[in-house]
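The values are calculated or read from the model by the stated rules, or taken from the named source; none is laboratory data. Note that the structure is a prediction, hence the values are computed from the model and not measured. Cβ sites come from the backbone with ideal geometry, for glycine too, and all protein chains shown count toward neighbours.
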Amino acid sequence: MRFLFSGLPLPWRRLGWVACLLAVSFSTHAQELPQPEGSVILTVSGLIERSNTPSGEAEFDRAMLESLAQVATQTQTPWAEGVNLYEGPLIRAVADAVGANGQTLVITALNDYSAEMPVSDLYEFDVILALKMNQAYMRVRDKGPLFVIYPFDQNPVLKSELYYNRSVWQIKAIEFK
């Protein structure tokens, strides 16, 4: 049986094994998702590669969501007066953080209302998981703690019942299918 690197001089073989060990340790480190330190405001489940619970779900507190790249959009919605500023991570950044797979995500609110969204929306539009509205954290009574916001004013196609129905507020969970 011939071993990997067996045809190389000894120093090169050692270097090859060190490179393999480093690659394994970096790929293992990339699989880690930190534990929430504050109150959990979002649970992500389904077809995900990274979790932080024994059940295989990924739990996020506000600080974890804020550690992802933050974006902002100014837009009008049917649920608030005028143009408002919404801030938070792109949902695709959350998907990347958990190594999400699948074609659909199911977004569930605190009152168990849920809506399906194709994963393609995450890449076709800059869909935000809004934590803030007009620079203030959204409270549950104000559609918080999390609200799906499409950039409605940037694309007329988005101003339809299809996308309004996907704009879940008071989000508690996302499942990738």
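Within the set of pairs 6+ apart or on separate chains, which have a first residue in the range 75-93 that is touching a residue at least 40 places away in the same chain (Cβ under 8 Å), a second that is part of a strand (DSSP E or B) and basic (Lys, Arg), and C-beta atoms under 9 Å apart?
Cβ pairs passing all conditions: 85/132; 86/132; 87/132; 88/132.
Could you list, in sequence order, the residues of the range 33-66 that are small (Gly, Ala, Ser) and in contact with a strand residue (DSSP E or B) (Cβ under 9 Å, 6 or more places away or on another chain)?
Across the range 33-66, the qualifying residues are 38, 39, 45, 46, 51, 55, 56, 58.
Taking the range 30-68 on its own, how many of its residues are surrounded by 12 or more Cβ atoms within 10 Å (Cβ to Cβ) and touching a residue at least 60 places away in the same chain (Cβ under 8 Å)?
Within the range 30-68, residues that are surrounded by 12 or more Cβ atoms within 10 Å (Cβ to Cβ) and touching a residue at least 60 places away in the same chain (Cβ under 8 Å) number 12.
Suppose we keep only residues that are within 13 Å of the chain's Cα centre (by Cα) and small (Gly, Ala, Ser) within the range 125-177. Which one would you say is nearest to residue 81 (Cα to Cα)?
130
Is it the case, given these coordinates, that residue 71 is of a type in the set (A, V, I, L, M, F, W, C), farther than 20 Å from residue 101 by Cα, without any contact (Cβ under 8 Å) to a residue 24 or more places away in the chain and assigned by TED's automatic domain parsing to the domain that holds residue 167?
No; evaluated as a whole, the condition is false for this residue.
Just to be sure I understand, how many residues within the range 130-172 are outside any loop (DSSP other than H, G, I, E, B), of a type outside the set (D, E, K, R) and surrounded by 18 or more Cβ atoms within 10 Å (Cβ to Cβ)?
Matching residues across the range 130-172 total 10.
Of all residues in the range 75-88, count the ones that are surrounded by 13 or more Cβ atoms within 10 Å (Cβ to Cβ) and touching a Phe, Trp or Tyr at 6+ places or on another chain (Cβ under 9 Å).
So the count comes out to 5.
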